[in-house]
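A.B. asks: This is the structure I have questions about; it appears just below.
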Amino acid sequence: MSRLREWVIEEGEPLASSLQEPSEAPSLGELVAEGARTSADAAEYTLVLEAIREGYLCHYGEARILADADADLLLLAGDLFYAYGIRRLAGLEDLESVGILSDLIRIAADLHARGESARAERLWPVQIMALSCGSGPDHDDLLKRLEEGQDGALETLEEWSRQTADNRGMGRALNATREAIDFRSFRL
């Protein structure tokens, strides 16, 4: 989060004057640090992930590092955080991860638009698991089913992430990520 805060300071006003220290240390990076695809550059992937999470929270929840910003500024900030995260990810030349996180942003927005905020939150650990270990055809098919609104698709995706984590000895990190997705931080 300190690197994300530094970027906001560099960007300047109007966001810089709204900066605050986050009340809790983020822990979404633990799963990224253990992933076969991401562990070699875990710090950069964690920055990407935290930037995208902050953008999401600016749009749908309560920003962790911005305080006293009006709704219009938060929407703008959310877009900036998304763009910053995806731009950093593009710098890693990891097209699969660009797709995984772009899918997360798009599908979560659709779920929020349908009034399914809790389901959008549940998608986060699944996509972080895909980022860490790779997605594959099963994941991609389930994601399409979720997008189409098919019953049970999210639950099957969650089972996919549990099995993937168990097969790679990453169950504890997946559980920590689930706990880090704080349901109190977004608007239902």
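The values are calculated or read from the model by the stated rules, or taken from the named source; none is laboratory data. In this text the structure is predicted, and so the values were computed from the model without any measurement. With ideal geometry, Cβ positions are generated from the backbone for all residues, glycine too; neighbour counts draw on all protein chains shown. The protein model used for the area step is the full one, side chains on, heavy atoms only, and it has no ligands, DNA or RNA in it. Shrake-Rupley method; radii C 1.70, N 1.55, O 1.52, S 1.80 Å.
A.B. asks: To the nearest 0.05, how large is the calculated FRET efficiency for residue 70 and residue 39 if R₀ is 35 Å and r is the Cβ-Cβ distance?
C.D. replies: 0.35
A.B. asks: Relative contact order for the range 81-188 using alpha-carbon pairs under 8 Å, separation at least 6, rounded to a whole percent?
C.D. replies: 25 percent
A.B. asks: Taking +1 at the Cβ of each Lys and Arg and -1 at the Cβ of each Asp and Glu, which of 8, 152, 115 sits farthest along the dipole of the chain towards its positive end, judged by Cα position relative to the Cα centre?
C.D. replies: 152
A.B. asks: Follow-up question, since we're still on this one. Trypsin sites (Lys or Arg not before Pro), restricted to the range 77-170: which are DSSP loop and have at most 13 other Cβ atoms within 10 Å?
C.D. replies: Passing both the DSSP loop test and the Cβ count: 114.
A.B. asks: So what is the relative contact order of the chain, in percent, for Cα pairs below 8 Å that sit 6 or more residues apart?
C.D. replies: Relative contact order of the chain: 26 percent.
A.B. asks: At 1.4 Å probe radius, can you tell me the per residue accessible area of the range 55-188 in Å²?
C.D. replies: 47 Å²
A.B. asks: Same structure, new question: With every protein chain kept in the model, how would you rank 30, 121, 179 by accessible area, 1.4 Å probe, largest at the top?
C.D. replies: Most to least solvent-accessible, the answer reads 179, 30, 121.
A.B. asks: Give me the orientation-averaged projected area of the Cα convex hull of the chain, in nm², one decimal.
C.D. replies: Taking a quarter of the hull surface, the average projection is 9.8 nm².
A.B. asks: Suppose the chain between residue 20 and residue 175 were pulled fully straight at 0.36 nm per residue; how much longer would it get relative to their current alpha carbon spacing?
C.D. replies: Extra length from residue 20 to residue 175 when fully extended: 53.0 nm.
A.B. asks: Can you tell me the mean projection area, over all orientations, of the convex hull of the range 75-125's alpha carbons? Units nm², please.
C.D. replies: Mean orientational projected area (the range 75-125, Cα hull): 3.7 nm².
A.B. asks: Here's something else I'd like to know. Projected area of the range 5-54, taken from the Cα convex hull and averaged over every viewing direction, in nm²?
C.D. replies: The number I arrive at for the range 5-54 is 3.9 nm².
A.B. asks: Can you work out D for the range 106-188 in µm² s⁻¹ from Stokes-Einstein, where Rh is the Kirkwood radius over C-alpha pairs, the temperature is 10 °C and the viscosity is 1.306 mPa s?
C.D. replies: 122 µm²/s
A.B. asks: Let me ask something additional. For the chain, what % of the accessible area comes from carbon and sulfur atoms, probe 1.4 Å?
C.D. replies: That share works out to 49 percent.
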